[in-house]
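Let me begin by presenting the structure, written as structure tokens, before commenting on it.
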Amino acid sequence: MLPLLLVLIMSSCNKEKEQPIKGFSMDRIFFIEYVSLDGINIVKNDSPIEVYYDNNGVVQKVERSNLDYPNGFKITSQRNTAANGSDELCVEIFPSDYYNDEDISTTYIKLSDSQMDTIQCQFHRTSNSIYLTKTWLNGILVWDIETKPASRLIQIVK
């Protein structure tokens, strides 16, 4: 009986044993500052904004009543975007969670009666995390975690 007890004690002391993954880390958001042609911020608390997600070629307006921000965005202060952010308002965007084979999602954003903008986001996904690595605005790379890691504030002129 003593040898069996020693074997059990010794096997439970293995410090190299892999620990199970606990929790999930997600970092997917980015921010948009809408400005006029003369550089004046045009975002207001009641700005009419619509967000659409592309799900395998089917574009759907975001209406998820189970979420805190059911329309895929919220109006916030730029102070929340970076340590040196201003008190000007911007739009915090929660991009589409429908990904293609390259972990890229497509989100469409429309402010008021202006032209709809296309935002594509590339993500790095693992079994316990997902984070934004690149963002394109209307086909132009505007943010990359490798070259511009600090601020995810994108300016769109309307």
Single match in ASP97, ASP46, ASP87, ASP144 (criterion: more than 26 Å from VAL35 (Cβ to Cβ) and among the charged types (D, E, K, R)):
ASP97
How many of the residues making up the stretch 50-67 are modelled with pLDDT under 95 and within 15 Å of the chain's Cα centre (by Cα)?
1
Could we say that MET10 is at pLDDT below 95, among the aliphatic types (A, V, I, L, M) and in a strand (DSSP E or B) here?
no
Could you list, in sequence order, all residues of the stretch 114-155 that are under 16 Å from the mean Cα position of the chain (by Cα), in a loop (DSSP other than H, G, I, E, B) and in contact (Cβ under 8 Å) with a residue 60 or more places away in the chain?
ASN128, ALA150, SER151, ARG152
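The values are calculated or read from the model by the stated rules, or taken from the named source; none is laboratory data. Model, not experiment: these values are computed from the prediction. Please note: Cβ atoms are built from the backbone with ideal geometry, for glycine as well, and neighbour counts cover all protein chains shown.
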